[in-house]
Each structure stands twice: as C-alpha cells, then as structure tokens.
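The values are calculated or read from the model by the stated rules, or taken from the named source; none is laboratory data. Computed from a predicted structure; not experimentally measured. Cβ: placed from backbone, ideal geometry, glycine included. Neighbour counts: every protein chain shown. In case anyone asks, the SASA skips ligands and DNA or RNA and just uses the protein heavy atoms, side chains included. Shrake-Rupley method; radii C 1.70, N 1.55, O 1.52, S 1.80 Å.
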Amino acid sequence: MIITYNNKKTEDEILKKEEKYFLPNFSENTNKLFYGDNFYIMKALLHQYNMKGQVDLIYIDPPFSTNTVFRADVDRAQTISMGNNSDIAYYDTLIGDEFIEFIRERLVLAKELLSDIGSIYLHIDYKVGHYIKLIMDEIFGADNFRNDITRIKCNPKNFKRKAYGNIKDLILFYSKTKNNIWNECYTQYSQDDINKLYKKVKDGRNYTTVPLHAPGETLNGVTSQAFKGMLPPKGRHWRCSPEELEKLDQQGLIEWSSTGVPRRIIYADEKLGKKVQDIWDYKDPQYPEYPTEKNINLLKQIIKTSSNENSLVMDFFCGSGTTLLAAEQLSRRWIGIDNSEKAIEIALKRLDAEKNMYSLPRELVNCTDKKLKKVA
Ligand SMILES: C[S@@+](CC[C@H](N)C(=O)[O-])C[C@H]1O[C@@H](n2cnc3c(N)ncnc32)[C@H](O)[C@@H]1O
C-alpha cells in the first residue's frame, strides 16, 4: 500500500538532497548533542561521519502538528508559561501533507542510520498517528512493525467537547530486521495480581498449576511415552520426557488431582513478573522544565528493552534531552539533535546535573551560524 499526497519526493530524491552542514572532525569517544536542523545533521552523520548502520535505537517525539507555538520559561523552573514574555521553545506549525513529508524525509535518513539489529520508536498522537503509521510501513516495511503502544499520558480530565476524554498517545515501534535487540522486560506482580493469578497457597507460598501436556501427538518421541503408567491424553503429548516428569514429582513440583491428573506447580515468587504488554502508564512530569517533556521512565523502558550497554542511542527531536539522560544513566552512548536554543540549554543543564561517572564526555556541536547565547 502506498500513500500519495502533493509534493511527495522519492526516497532517492531525499537521499540525494544537497548537504548544508559541515561537521567538525569526528571524535569516537564523546556523546554528541547537535544544534541545528535534524535533516541536514543526519545527512552529515551519514556522509561525513560514515554512520550508516551504526545506531541501535532511535526514539523520536517530534512535533505532533498541533499548530501551536510552545513556550518555556526557565526562570520559573517549575512552570510552563504561555505568557508572551516567556521564551519560545519551538514551533509546531506544519500541517497536512507538509507535516507528513517533513517526518517522512527524516525517517528515510533514520532508516539508513539504523543497524541491522536496530529499532525505532516514534511517539505521536491520535490525530496524525495513523498517517505516520502508513508512512512507517512504507519505509520500514509492514513486516517490521512490532507494536502500536498506547501510552497513558495524564489523569482523566473533564473535556468540554462532545467526545471521550483523551488520556493516551501512541508509540509506533518498528525494527530494521527481524533480528532486533530484545531484552525481555517484566513488571513486578502486585499483591492483587498474585491473588488473582496464583490463588493456591502451599507452605505460605502462592502458586498455580498448569497442564503437563500440550496439543499434538508425537509418534515416536519420548513425550508420547507413559509416565507412572499413564499415557498423555488422546491428541496430546507430555511437555517433557517421562524421566523429567519423574524428577519434577520428586521435587514436589507436581500436584495430583483427586482423579489422578498431574499438573505442574508454578510458584509466584519464582517468576520474574508479568511480561510487559502494549499499554503503558508513564504520565508526563507534572512540573516539566520543557513543554512536552516526556517521562524518563518511559525512555528507560524502551532503552533497556531495545538496546544493549554500549549501544548507540539517538533522538533527533531530543527537546530537553530526556532520551539522552536515560541513555546516560543506562550506560549507552547517545546522539541528540534539536534546533531549539531553549531545548539545547535545558538538555545541557539536565545532562550536566546527572552525569554518569562511567559515561563518555559530551560534546556540543553547533551546526548553525547562530551563537548559543545562554550556553557556555
Ligand atoms: C515534542 S518536542 C521533544 C520533547 C522531548 N521528547 C523531551 O522529553 O523533552 C519536539 C522537539 O523537536 C524539535 N524540532 C522540531 N523540528 C526540528 C528540526 N527540524 N530539527 C531538530 N529539532 C527539531 C523541537 O525544537 C522540539 O524540541
């Protein structure tokens, strides 16, 4: 399926668009924060720093086409001011096909930067997210679509309009190939979960039981043989060999029903918790330093799961640097890009306050001809 709109370029035209920035010599041993337009910086990373296939994880939280000017007043550190005197953080004024093409051009370059074990997470809202999904299918391949994660962003509000309250946005997750980095994450069971899922109690420990057989008959394998003189039910096979079943029984890990049916005992305290599902509750900070600043624990979840220590993590709409901070804390290398002076100022302030002693030094690269007034 192809989405068409006015002025849609071919991928070749995007990749061949002329370069605008000339980066300083590459230093391998620094994390880098770039100030400038992410399109031209990504082009320069690809051609001047040969970074094709070097990035294991990209998270981006671009403007959402809200037709809004976002302001931030850092002097009133605890508030976001919408007053006229406060500093402009960024403009979110592209709409329609212009917005879609703005995102698409950057995603084409992002794909070039991703490694073969890499993943990209794109944070967006319900108004434009479905168009972006089609664009991502086109660029990364519908086969590499992994999840549409629902992110609960705030507590329920009393919306005035005639529609349901909106408390979520979405994160579209794609991998470059099927071989993406995946560090399974679990959330701890609550007492409520334990009471529901592990109702039985033995020696003070909550447990549940699961069948010892599974669908499908094995014709000649050991899992079709008798255990304590009992064959698996018709059309099914034992989950392991009768020898292993015997060992489980000796360890007290088999429960026998009154009619003599064996079931495997699973203790709650031996499980790592619940596999993380696709609805996440990571509300945004109540007192952000930057408008649209994201919850750092959301970023930690993504970085832990889809990158390894020492992976290179990139956020080319990095705003106040939440992704970079999370990457720093989790000992990943990082690259951040933003074209807002306010964003760079706040990102540096946050990074300097929380520098991980094991991480690389950071380098600020100003790709524009503007002087960053408030940055040393
Ligand atoms: C939604 S905010 C990101 C907020 C960020 N996730 C955080 O936690 O602070 C989007 C950012 O994209 C930046 N941006 C918009 N267009 C850009 C461009 N062409 N190049 C670089 N940055 C851009 C804006 O300045 C803004 O800081």
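Tabulated data for the structure shown
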quantity: Where a residue in region 152-173 is in the same structural domain as Gln301 (by TED's automatic domain parsing) and assigned to a loop (DSSP other than H, G, I, E, B) and its partner, wherever it lies, is hydroxyl-bearing (Ser, Thr, Tyr) and open to solvent by 30 Å² or more (accessible area, probe 1.4 Å), with Cβ under 9 Å and at least six apart; calculated: Lys153/Tyr282; Asn166/Tyr126
quantity: Search result, residues across region 86-128 that are among the hydroxyl-bearing types (Ser, Thr, Tyr), open to solvent by 10 Å² or more (accessible area, probe 1.4 Å) and within 14 Å of the ligand (Cβ to nearest atom); calculated: Tyr90, Tyr91, Thr93
quantity: Any hit, region 341-363, residues being open to solvent by 10 Å² or more (accessible area, probe 1.4 Å), assigned to a strand (DSSP E or B) and within 9 Å of the ligand (Cβ to nearest atom); calculated: no
quantity: Residue in region 15-31 that is within 16 Å of the ligand (Cβ to nearest atom) and open to solvent by less than 10 Å² (accessible area, probe 1.4 Å) present; calculated: no
quantity: Residue match in region 356-367 (condition: within 16 Å of the chain's Cα centre (by Cα) and under 18 Å from Ile296 (Cβ atoms)); calculated: no
quantity: Checking Val276 against (1) open to solvent by 10 Å² or more (accessible area, probe 1.4 Å); (2) on the phi > 0 side of the Ramachandran plot, the condition it does not meet; calculated: (2)
quantity: Residue that is over 26 Å from Ile149 (Cβ atoms), open to solvent by less than 60 Å² (accessible area, probe 1.4 Å) and not charged (D, E, K, R), where the choices are Pro215, Pro262; calculated: Pro262
quantity: Tabulated pairs, region 309-334, first outside the structural domain of Lys349 (by TED's automatic domain parsing), second within 13 Å of the ligand (Cβ to nearest atom) and modelled with pLDDT of 95 or more, C-beta under 6 angstrom, 6+ apart or interchain; calculated: none
quantity: Residue, nearest to the ligand (Cβ to nearest atom), within region 307-317, restricted to residues that are part of a loop (DSSP other than H, G, I, E, B) and open to solvent by less than 10 Å² (accessible area, probe 1.4 Å); calculated: Phe316
